Amino acid sequence: MSAETEPDDPEFGRTFRVSHTYRSLLYRAGLYGSIATLFVILGFPIYWMAQNAFKTRLAIQEGITFFPTPETFTVNHFDIVFNPTVGRYLLNSVIVTIGVVVTVTVVSLIAGYGLARFNYKHKVKTARFLLVGYMFSPIVLAIPLYLIWDTLGLLNRYVGLILALSALSMPFAVWLMWKYIQTIPASMEESAWVAGAPRWRGFVDVIVPQTKPAMIANSVFAFAIAWGDFTFSYILMPSNESTTFPPGIFRLFHSSWETGWAEFMAVSLLVSLPALLFAFFLQSYLLQGFKIRAL
Amino acid sequence: MSEITIQNLTKTFGSLVAVDEFSLTIEDGEFITLVGPSGCGKTTTLRCVAGLESVTSGSIYFGDHDVTDYPVQQRGIALLFQDIALYPHMTVEENMAYPLKLEGMSEEQRRERVRESAELLHIEDQLEKHPNELSGGQQQRVALGRSIVREPTMFLFDEPMSDLDAKLKHELRPLFAEVTETVGCPTMYVTHDQEEAMTMSDRIAVMNDGELEQVGTPDEVYNEPETSFVGEFIGRPNMEFFDAGIDRHNGTMDLSIGDASYRLETSEALAQYAGGDVRIGIRPQDITVSEDPADGVTAEHVFDETLGDQTHSLFETPLGRITVVTPPSFRGGEGQYGLQFDTDAMKAFDPKSGLRVE
């Protein structure tokens, strides 16, 4: 449009232009297209898992169907939760996850405060070095850890896996908390000191309550790492008694003729739910936590 | 409560000297404003007095107590920050009660004290709200309230109004004055705004480059600046400065600025500069404009800033550009004029040190 209305100035407006109407149309197509693509890619496995969880074993074996019919519908597979082995796996997962979330939240808060409020030599370099851990895949880290944990007697112990998984989430959590605390004006703490608060009291009364979004973001991140971890648990918790759910279900799948697809789907669905709910209810905080320009 | 004495306070950051040998006594109940351009060390001085910065050398006394090495928590001061620094997660009441809570006061007493302060500041109906629901002026009131719930030994203000609009400043100035008078302790108010300093203070301390230039009442620093810096910094529009030659002549002093010459009364101090140079400062209020270009310094009018009650007119002269305060109806129309300086209002300064010559 504008290209034709400006014949006097041939240099100006000669570039490729799409009119406003088409542009917004394209924008929408792109937007909805990407939403749809993401939704299919992310949603399909969950849908497939869910629909199979409610079908009888026979119906699954007979061929591909997209919904359980009234004849093939069943909720009996969920009984697998009451299977003592599966129950044990779930319990282990819960204990380890709680341990990791608590450790990461507390340690990142203290470390982040230290980085944000104290200056020492090579501070930024040390903090950057923390991130080096993310260059290696979990398996590369897990094998040496196995040897170290073996020497220390930490294999098959909750505290061992909690430490390993916390270490995995910690660099991100510490960086987030560091940058978040930097956004809280120093004068707020100073005004607490002026009022007579010792440093720790200022930290607890003034800083900690304000870091809620970052704490939640960190705990969601730590939860996702711990709840979904397969590699570390598989290697550091070798005994059947102490392993967590993801390697546990893998074991079950290999060792049992009795347990079928339907049960796996049912129990997997149950295990996915906490993560979904956790993220869903905390998403507004989560976004606030990530909304730091510096990061 | 008693006076605050600062003796030879020096603060360095590495090789940078932020405050150099600063000495000042603030009497009990006195309102002193520390004024100076950005980076002159006034905020650093305040933070040293507050205990938020450690002192490199020198000492600070509250009454007879040497508090130089006391941590901020033990000084019992009240401090109002530039960014207000209210706790966003607490209500107004909780914000104001926080210092009392730290003292371990019972909840009932806390409520009472908060209510008293809130009434003084007219915010008693805001107590349930959170700081982000309040306007800028109300937030300042709450911050002020939080500082006065406890009886402070000293009141410090760190440019509390620099982020506020002009109207709000006018509204808060008398409030600050009223509240500090009620509290009755020594007050140190830091600002870069000379107008704030002039209107609020008992005495003004002008700082430049880490050093104290002059301490005096607003009248003194305006009318009798001890250095050319003070003359330029205090008063708007800025004082105009000229290099002048000076000669003794039959019992009077002859001053030559450009082509024009002026006759001054002899003073002993001025006589020492005879035959040499001196720097002359004159306020734009003390320059008059004549229609005759031959009358005084020849000047070509550049433009007028109309303020309603007066006009600031800028002239191009052989001495450089000069601002003159002219009557409200004055319109220069880019014509030729003559500028006359009021010799009584001239202030002579040493051309090197900038110190006043009297």
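The values are calculated or read from the model by the stated rules, or taken from the named source; none is laboratory data. What you see is a predicted model, and the numbers here were worked out from it, not measured in a lab. Neighbour counts are summed over all protein chains in view; Cβ atoms, including those assigned to glycine, are modelled from backbone coordinates with ideal geometry. Quick note on the areas: whole protein, heavy atoms, side chains included, nothing else; ligands and nucleic acids left out. Shrake-Rupley method; radii C 1.70, N 1.55, O 1.52, S 1.80 Å.
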Exercise. Do you know which of the residues in segment A:172-183 that are surrounded by 19 or more Cβ atoms within 10 Å (Cβ to Cβ) and of a type outside the set (Phe, Trp, Tyr) is nearest to the other protein chains (Cβ to nearest Cβ)?
Worked result: A:ILE181
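Which members of segment B:98-125 meet the condition of being more than 14 Å from every other protein chain (Cβ to nearest Cβ) and of a type in the set (Lys, Arg)? Show your work before the answer.
Our first condition is that a residue be more than 14 Å from every other protein chain (Cβ to nearest Cβ); within segment B:98-125, this holds for B:106-109, B:111-112, B:115-116, B:118-125.
B:ARG111, B:ARG115 - these are the residues of segment B:98-125 that are more than 14 Å from every other protein chain (Cβ to nearest Cβ) and of a type in the set (Lys, Arg).
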For this session: Would you check if B:LEU79 is out of contact with any Phe, Trp or Tyr (no Cβ under 7 Å at 6 or more places or on another chain), in a strand (DSSP E or B) and within 14 Å of chain A (Cβ to nearest Cβ)?
Result: yes
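Within segment A:113-189, considering only helices (runs of 4 or more DSSP H) that don't extend past its boundaries, which have at least 3 residues that are touching a helix residue (DSSP H, G or I) at 6+ places or on another chain (Cβ under 9 Å) and touching a residue at least 12 places away in the same chain (Cβ under 8 Å)? Step through it out loud before you land on a result.
On the way: elements: A:123-130, A:138-152, A:158-182.
Fully inside segment A:113-189 and qualifying: A:138-152, A:158-182.
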Exercise. Has segment A:162-174 got any residue that is β-branched (Val, Ile, Thr) and modelled with pLDDT of 95 or more?
Worked result: yes
For this session: Within segment B:177-219, track down each residue that is under 20 Å from B:LEU164 (Cα atoms), touching a residue at least 60 places away in the same chain (Cβ under 8 Å) and within 12 Å of the chain's Cα centre (by Cα).
Result: B:MET188, B:TYR189, B:VAL190, B:THR191, B:HIS192, B:ASP193, B:GLN194, B:GLU196, B:ALA197, B:MET200, B:SER201
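Given the options A:THR105, A:THR151, name the one that is open to solvent by 90 Å² or more (accessible area, probe 1.4 Å), among the polar types (S, T, N, Q) and more than 13 Å from A:PHE232 (Cβ to Cβ). Before the answer, list the steps.
Values: A:THR105 fails: open to solvent by 90 Å² or more (accessible area, probe 1.4 Å).
Exactly one residue qualifies, and that residue is A:THR151.
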Exercise. When segment A:51-62 is examined, which residues are found to be under 31 Å from the mean Cα position of the chain (by Cα) and open to solvent by less than 30 Å² (accessible area, probe 1.4 Å)?
Worked result: A:GLN51, A:ASN52, A:ALA53, A:LYS55
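Residue by residue, here is whether (1) over 24 Å from B:ILE322 (Cβ atoms); (2) not assigned by TED's automatic domain parsing to the domain that holds B:VAL17 holds:
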| site | (1), (2) |
| --- | --- |
| B:GLY184 | yes, no |
| B:GLN214 | yes, no |
| B:GLU268 | yes, yes |
| B:ALA271 | yes, yes |
| B:ARG279 | no, yes |
Seminar exercise, completed: The condition of being within 14 Å of chain A (Cβ to nearest Cβ) and at positive phi holds, among B:GLY39, B:GLY29, B:GLY14, B:GLY58, only for B:GLY14
Exercise. A:PHE67 versus (1) within 30 Å of A:MET170 (Cα to Cα); (2) more than 17 Å from the chain's Cα centre (by Cα): which is the lone unmet condition?
Worked result: (1)
Problem set entry | Some residue of segment B:14-22 being within 30 Å of B:VAL149 (Cα to Cα), without any contact (Cβ under 8 Å) to a residue 24 or more places away in the chain and not in a helix (DSSP H, G or I) | no
For this session: Output the residue which, of all residues in segment A:196-207 that are touching a Phe, Trp or Tyr at 6+ places or on another chain (Cβ under 7 Å) and open to solvent by less than 10 Å² (accessible area, probe 1.4 Å), is nearest to the other protein chains (Cβ to nearest Cβ).
Result: A:VAL206
Exercise. With B:GLU116, B:GLU112, B:GLU94 as the choices, which residue is open to solvent by 70 Å² or more (accessible area, probe 1.4 Å), in a helix (DSSP H, G or I) and within 21 Å of A:GLU190 (Cα to Cα)?
Worked result: B:GLU94
Exercise. Considering only segment B:5-48, how many residues are open to solvent by less than 20 Å² (accessible area, probe 1.4 Å) and either more than 23 Å from B:GLU178 (Cα to Cα) or more than 19 Å from the chain's Cα centre (by Cα) (or both)?
Worked result: 14
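Here is a yes/no grid of residues against (1) out of contact with any strand residue (DSSP E or B) (no Cβ under 6 Å at 6 or more places or on another chain); (2) closer than 25 Å to B:GLY29 by Cα:
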residue: B:GLY76; (1), (2): yes, yes
residue: B:HIS89; (1), (2): yes, no
residue: B:GLY137; (1), (2): yes, yes
residue: B:VAL142; (1), (2): yes, yes
residue: B:SER147; (1), (2): no, yes
residue: B:PRO152; (1), (2): no, yes
Exercise. Can you tell me which residues in segment B:127-176 are of a type in the set (D, E, K, R), over 18 Å from the mean Cα position of the chain (by Cα), assigned to a loop (DSSP other than H, G, I, E, B) and within 12 Å of another protein chain (Cβ to nearest Cβ)?
Worked result: B:ARG150
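In contact with a helix residue (DSSP H, G or I) (Cβ under 6 Å, 6 or more places away or on another chain), small (Gly, Ala, Ser) and at pLDDT 90 or above - does that describe any residue in segment B:205-212?
Start the filter on segment B:205-212 by keeping residues that are in contact with a helix residue (DSSP H, G or I) (Cβ under 6 Å, 6 or more places away or on another chain), which leaves B:206-208.
Okay, now just the ones that are also small (Gly, Ala, Ser), so none.
The answer is no; no qualifying residue exists.
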Exercise. Can we say B:PRO88 is of a type outside the set (Gly, Ala, Ser), within 13 Å of chain A (Cβ to nearest Cβ) and touching a His at 6+ places or on another chain (Cβ under 8 Å)?
Worked result: yes
